[in-house]
1. Kindly establish whether B:GLU110 is in a helix (DSSP H, G or I) and either farther than 20 Å from B:PHE132 by Cα or facing chain A (nearest Cβ under 9 Å) (or both).
2. Just for the stretch A:817-866: of the residues that are touching a strand residue (DSSP E or B) at 6+ places or on another chain (Cβ under 7 Å), at pLDDT 75 or above and part of a loop (DSSP other than H, G, I, E, B), which one is farthest from A:THR793 (Cα to Cα)?
3. Hey, among B:ASP117, B:ASP22, B:ASP125, which residue is modelled with pLDDT under 90 and closer than 25 Å to A:ASP146 by Cβ?
4. Scan A:ALA35, A:ALA29, A:ALA83 and give me the residue that is among the hydrophobic types (A, V, I, L, M, F, W, C), in a helix (DSSP H, G or I) and surrounded by fewer than 21 Cβ atoms within 10 Å (Cβ to Cβ).
5. Tell me, which residue of the stretch A:331-364 that is assigned to a loop (DSSP other than H, G, I, E, B), away from every other protein chain (no Cβ under 14 Å) and not small (Gly, Ala, Ser) is farthest from A:GLU291 (Cα to Cα)?
6. Going by the conditions given, is B:TYR425 at negative phi and surrounded by 14 or more Cβ atoms within 10 Å (Cβ to Cβ)?
7. Looking at the stretch A:236-257, can you tell me whether even one residue there is out of contact with any Ser or Thr (no Cβ under 7 Å at 6 or more places or on another chain), more than 14 Å from every other protein chain (Cβ to nearest Cβ) and surrounded by fewer than 24 Cβ atoms within 10 Å (Cβ to Cβ)?
Amino acid sequence: MSELEGKKGEIYELKAELNSDKRERKKEALKKVIASMTVGKDVSQLFPDVINCMQIDNLELKKLVYLYLMNYAKTQPEMAILAVNTFAKDCNDPNPLIRALAVRTMGCIRVDKITEHLCEPLRKCLKDEDPYVRKTAAVCVAKLFDINQQLVFDQGFLDMLKDLLSDSNPMVVANAVAALSEISEQSPQTKIFDLNGPTINKLLTALNECSEWGQVFILDAISNYSPKDDKDAQSICERVTPRLAHANSAVVLSSVKVLMKFLELLDQQSEFIQNLYRKLSPPLVTLLSAEPEIQYVALRNINLIVQKRSDILKNEMKVFFVKYNDPIYVKLEKLDIMIRLTNATNIAQVLAELKEYATEVDVDFVRKSVRAIGRCAIKVEQAAERCVSTLIDLIQTKVNYVVQEAIVVIKDIFRKYPNKYESIIATLCENLDSLDEPEARASMIWIVGEYAERIDNADELLEGFLDGFKDENTQVQLQLLTGIVKLFLKKPTETQELVTRVLTLVTQETDNPDLRDRGYIYWRLLSTDPKAAKEVVLAEKPLISEETDLLEPTLLDELICHIGSLASVYHKPPNTFVEGRFIMKKNLPLRSKSYGEQENNTGHTTMQTNQQPQQVVISSNVGSLIDDFDILGSMPMPSSNPMDTYEQSQNRTTSVVPNLLDDELSSILGLDSNLGGNQTPMMNTNTSLPINNRQTTSTGNELDDLFGDFNLQTGGSGISFSGNNVFVPPKEVWLSAAKGKGLEVSGTFARRSNQIVMEMDFTNKALQPMNDLALQINRNSFGLTPAQPLQVTSPLFPNQTVPTQLILNTTGPIMRMDPLTNLQVAIKNNIDIFYFNCIVPIHVYFAQDGEMDKMTFVQTWQEIPEGNEVKHQLQNLSNLSIDDLQNKLRLNNIHTITRTTIEQKEMLYQTIKLTNGIFILVELRITPGNRTISFSLKTKLERKFPAAQGAIRCVRYNIDGNYCLTSGSDRTIKLWKPDSSLAIKTYTGHSQEVLDVHSSFDNSRLCSGGVDKRVLYIDVMTGKIVKKYQAHAGIKDFYIFN
Amino acid sequence: MIGGVFIYNHKGEVLISRVYRDDIGRNAVDAFRVNVIHARQQSRFPVVNIARTSFFYTKRSNIWLCAVAKQNINAAMVFEFLNKMIEIMQSYFGKISEENVKNNFVLIYELLDEILDFGYPQNSDTGVLKSFITQQGVRPVTREEQTNVTSAVTGQIGWRREGIKYRRNELFLDVIESVNLLMSQQGQVLSTHVAGRIVMKSYLSGMPECKFGINDKITVENRTKNQLESTNPNNNSTTNGSTYPSSTAAKTAIAIDDCQFHQCVKLSKFESEHSISFIPPDGEFELMRYRTTKDISLPFRVIPLVREIGRTKMEVKIVVKSNFKPTLIGQKIEIRIPTPPNTCDVQLLCMKGKAKHKSSENAIVWKMKRMGGMKESQLSAEIELLPNDKKKWNRPPISMNFEVPFAPSGFKVRYLKVFEHKLNYSDSDTIKWVRYIGKSGLYETRS
C-alpha cells in the first residue's frame, strides 16, 4: 500500500492495469484501488475504469467494484449511472447470490437516478423465490426509506414488507422486522409497524427458528408491543423465557427487556412472577463470565435492574466480587452493584471485600471502595461501627487520597449517626495538613465547625484555613464561612475577632456573589438577632438518606425500556446522545385498573399520558397543604386522589405585605413582569415537559373552589337562595391596619347586574384623618380593571368605616397570575401606597350570555380530549331538589343546556362562559336519594392558559455542577440536569414566590426561601419537606445552607 | 444500527474501513484515532461517545476493532458481533495481526459485506460462510449448489448444509470445565464456580437429530419421578428440585445454575421438556455452556505463608495439596507467586518440579509436570528487596494453573443418541467418544 506514494504516476499505472485484458492483473489493480480508498486516498479519478470492470462475470471482482461504487457514487453521480444497466442485468441473474448482491449494493448508492431504477428490481426481489434474495430485499426497503421516504410510501413497498412478516423463512421475517422497526422509528406518526396480537404471534413463532441476530431484532420489536391484558403479557413472557438460555448475550438481554417490561402488567404477588424472578437471575449472572466488554454492558444493565427490582439478584452478592484481573470499568460497575445489594446479612463479607479493594492500585477504584465503605455504614446500621473502624484503619495508612476520601465519607457518617462516633475526631484532625482536595477540606471544616464545642483548638484549626482563604475553592470558602459562624455561636467570647475577619473577608474582598450574599446574611442575622441566628445556623440537621446515586424513577423506567441498548449503558435517555430524528419516549406499561389496585388513578394516568405540549404550569395553593400531605412522595404514580386535597385549599387568601421591605417587593413585582417574558432559553424548551401531575389539574382547582363555596353556602350557613340572591363570599380583611399604617381594607367580589363589583370597607384605625384615597389594579389573568375611580367620602376620620363599591370591567391588560384568580391591588392615601393580593372568586367571571346551543354543546363536549376533564364530587347537604339547584346555578350564570335521565340518574349538562370568552362544560350527575353529586368539567384547557412558567427568580448550580436548581414565581423549585435539559424534579411547598434556593453540602437537601416568609428544607430524593421555618417577618432575600 | 466497522493497527492507521450508513462520515475514522487510540489518558470504557457518535471497541493483540453508530442501538449485540467477527476472521486466517489483516483485506471486505447488511448482522456462522466465501474466489458452482448455499444461509438450519456424507459416523464430546476460585489468606472460599463447556466434534452423515442427556438434577429427578408416578409426565419445569430428593439422584445429579446452548439446540423444547435435542453443525462447535456453584470439588489447595522481615526481606512458603482420587493425575501445574517490583534477589527451594523467579513478570513461577491425587508439595523462597521503593506493594493473589482428567463439578454425560431417518444408520452404528477435562480458570488465593 505504501508504494502508492508518487500519486500521479501511480494513478496512471493503475488505470493501465485496470484496463488490462488479464483478469489477474485487473484484480490486483482493483485491490490496490480499494486499499488506497481504505486509507483515505482519493482514487475517484479511476471511476470510469473501475466501472468497466463491472461487466466481468467474477463474483469476487464484482464485489470489489461494488465496494468502490458505494464509496464514490455520491461524488460522481453522472458516472454512477453507467452502472445502472449492469445492476439491472445482475438483478435477473440466475445465481441468487448475484441477484442479492445487486439489490444490496444498489440500496447503498445514494444517487437519485440509481434509486429510480432500484424500484422495479426491488419489487421483484421482494417476491423472489430464493429466501436469500428476499431477506436482502427486506433490508433494502429500509435503505430506500433512508434515501427517499416518499418513494417507499408511493411504491407500496411497506405493504410488501409487511407481507414478508408471514414469510416461511425465519430469516426473512427477522430482516423484515428489523426494517419495519427502523422505518417506524423514523416516522412514528405513520404507524407503519402496527404490532397487534396476530403479528406478535407470528414473530414469536419465527423467534424459535431464526438466527441469533434475528432473535435480537424480533425481541426488540416485541418489547414495543403493549399487551391487551395481563394474560396476553403472561403468555408472551412464557414464550420469551426460553431465550434466556441462549448463548448470545444480546438475545439474553433483549429477552430480559421484554420480561422486565411486561412484568409491570402482571399481578406482582403472583407465583408466576416469583418463578420468573428465579429464572431471570441465573442468566444475568452468567453474563458476567462473558468477554469484559459484554460484562460491562451487562453490569450497566444489572445496575438498572437492581434499582427497579432488587429481589431478582438479592442472593447473588458474591458474583459481583471484583476479580484481580477485571478491567477497571468492570471493577467500578461491580462495586456499584455490590453496594446496592448490601444488607444486614451479607455486610460482613462485603466489608471484608471492600477493605481488600481499598489497598489496590487504581486510584479511582480505591476511592470508590473507600466511599463504598461509608455508604455501607450509612445503609446498615449494625455495621456502622465496623465500617468506621475500617475507615480509621485506612486513615492510618496515610495514603493521601485514601485519607481524603475517608474523611469525606466520615462526614456523612456523622450526619447519619450524630453524637455517636465523635471520639474519632482527634484522629481526623491529625490529618488536617495532608488534605489538598476541596471536597476533603470542606468536609473537614464542616466537621470542625459542627463539633466546635468538642474540639479545643477549633478556632486555631479554622484560623489556619483562613490564612489561605483566597486560594481556596468556593466550596471550601463557603464551608469555612459557615464553620466559623457556627464556632462563633458556640464560643462567642473567644472568636469574635475571627468571625469579624471572615465576614469582612467574604463581604469585601471576594467577587463571588454566593459567598458575599451568604456573608451578608450571616452578618445581618448576627447583628440583629443572635438568638434567631443560633436557631437558624445551629438548627438540627436532617439525617441523610440511606440510598444515594439512585436514578430518578421516571428516568429509570424509561431506561428499563431500553435494556441492552446504548441508553442503558450510558444511563441516559436516547435523545441526549442521538441526533436529529424524532425519538419516541418509551415508558413502562401501566397495569390497568381492573385489578383493583389503582382505581382512583385512571383520571390521572390519562392526564399523564396525554402530554400535550401546552400544559398549565400552576401549582397553586399547595403550600398550605404540605404539612398534611406527602404530595411529592407519590409523584410518578399517584396513589391518592389529589382532588381531596383541593377542597381544603379553598378560600385562602394570601395577602402579604411585608412591613419592612416594601420597596423591594414593588421592585420585585415590577421585575416579575419583565422576567416573565424573559425566560432563559433552557426553560423555554422545557415548558412542555410533564412536571407535576398536580399542575395539570389546577383548573379543576379553581372551579372546585367555586363549587366548594356552594357547598358551604348550601350546607353550612344555611342561607336559602331565593329571589335574586347571588352568591357572594363574605368579606375578609385584605389589608390589615398594622400593615396599612392605620388603614384597614376588607372586601369581597360579587357579580351584580352583570358587572363585577369589588365591595370594600375602608376603616381608619389611625389617629389622624385620611384623604386622597385611590386604587389601582395590577395586570391580571382576566384583564380586570376599575371602570370608574374609587368613590370614598373623604376625608376618612379616625375609627370611621366607609363601605364602597367599585365596578370593574375586564378590558384591562392581561397577564397570567398565579394562582389564576390572584389580583394585585395598590391603594394610595395621603400617607403611603399599600399593596396587597386578593383572590377573586372565579364565579364573578361567569358571563350572563353563557348559554350554548344544544348541538354546539354536544359537539364541543366531544371535541375536548378526555385529558382536559376534571371529575369531582360534592355533597348536596341541604338536599336541594334538582330544580332548586338548577335555579341557583342559573343565578350564578351557570346555564343548564339540557337535562336527561340515564339509569335513574339525573344528568344536567351545563355551560359556563368566562368573561374572556372561554366555555367550560359541566356534567352533573345526581342520583336520587343520594346526596353526592358527581360532576365533570371540561374545557379547552390549552387555549385558556398560556403555558409559561413563572418568572425565574434565581438559578443556581449545585455543588458539583451536574444539576441546576431554579426557583421561580410559580412557587416551585425545579431540579434540572443542564446537559440534558431535563427537569428531574419539582419541589413545591411555597405558597408564594420562591426567592432563592440552595443545595446542601452533600446534595441531599435543598434549602429555599420565599416571599411567603418561609424557609424550607427539602429532601432532594423524595421531595419531602423536612423542616419548615416561619420565623422571620421580612422577606428573606436569600437563604443559605449551613 | 451499526454505521460502520473500522480496524486499526496499534499506531492508529486504518486497515479496514467499511461504512454502512450515511450518517457516518470519514471523520469518524479519525475521531476514534484521536480520542481513543492516541488519547493521552487511556479510555476507561469500552464504549465512548464522541460528538454524539458512539464507538464500541475491543482490542486483540495490537489490533483495534471498532464499530460506530449514531443511533441508540443494541450495545450487547454490537459487542457480540465484534466477537463473532474476530472468531470468523480467526477461523479464516488464524491470528488477528496487522500482517494477516493486510494480507486478507479483500476477504475481510467480502465478509463484512455478507455478515452486515445496512448495519444489521446477518448469518455469521463460520461453517456456512466458508461454503460460499472462499479465498480462492467463487468456485464454479452448479445451480443446485447455489440454492443449497442460499438455503443454508437463510434456512431454519442455517448451521448445516445438506448432503454431508461420512463413511464412518463418529462423534467426539469434550466436557471442558474451568474451575474458578477465590480463596482468602485464611483458606476460606470466597467465591467459586465452574464454567463448563461441551465441545462436540461431529462427523455424521445427513441431517442427524441428536438427543443429549446429562446428570442435571432437574432432568434426573424428572426421570425418577416419572418412573415412580408415570401418570404425570409433563409437569417438570415448575417443580423445584429440592422437594423431591431421591436417593439415586442426590448422589449423581448436580445442580446446574444456568446453561446456554448453541443456536442449533431447540430452546423451546428444553424449556418444556428439559431435553436437549439438536441437529449439529458439521465439525467442531460448542454445544453448551453451563455454570455450577454448588458441591464443587476443588482439585488443589494453595496454602501461602508470607512473612515480611524488616523492609528488605520477605519469606514465602507455599504448600500445595492435591485433593482428588489417588489414581488420577493432575498435569501442567503452574503456580505463580507475585513478588514486589523492587525485588533484587530470590532464593528458591522446592520439593518437586522447577521454580524460577521471573523478574520481568514480577513473579516466582513454580511448575510441576504432574502431581498425583492426595499429595502435597512445598516451596519456600527468600526474597530480598531494594529498600528505596516507598510505595506500598499490594500483594496480588497467587494464581494457579492445572489440568485434571475429571469434571470438578461432577458433570456426567448420560447419553447422546443419534437419529437419522433418511440415511438408515442407527444410533448403535455411531462411534462416540467422551472426554472430561478440568482446567483452572481464575484460581486464586490471596496472600
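1. It is true that B:GLU110 is in a helix (DSSP H, G or I) and either farther than 20 Å from B:PHE132 by Cα or facing chain A (nearest Cβ under 9 Å) (or both).
2. A:VAL840
3. From the options B:ASP117, B:ASP22, B:ASP125, the qualifying one is B:ASP22.
4. Result of the check over A:ALA35, A:ALA29, A:ALA83: A:ALA35.
5. A:THR345
6. yes
7. No, the stretch A:236-257 contains no residue that is out of contact with any Ser or Thr (no Cβ under 7 Å at 6 or more places or on another chain), more than 14 Å from every other protein chain (Cβ to nearest Cβ) and surrounded by fewer than 24 Cβ atoms within 10 Å (Cβ to Cβ).
Residue-by-condition table, conditions (1) touching a Cys at 6+ places or on another chain (Cβ under 6 Å); (2) of a type in the set (D, E, K, R); (3) without any contact (Cβ under 8 Å) to a residue 24 or more places away in the chain:
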| position | (1), (2), (3) |
| --- | --- |
| A:ILE445 | no, no, no |
| A:ASP456 | no, yes, yes |
| A:GLU460 | no, yes, yes |
| A:GLU472 | no, yes, no |
| A:GLN475 | no, no, no |
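The values are calculated or read from the model by the stated rules, or taken from the named source; none is laboratory data. Since the structure is predicted, the reported quantities are computational estimates derived from the model, not experimental observations. Neighbour counts are summed over all protein chains in view; Cβ atoms, including those assigned to glycine, are modelled from backbone coordinates with ideal geometry.
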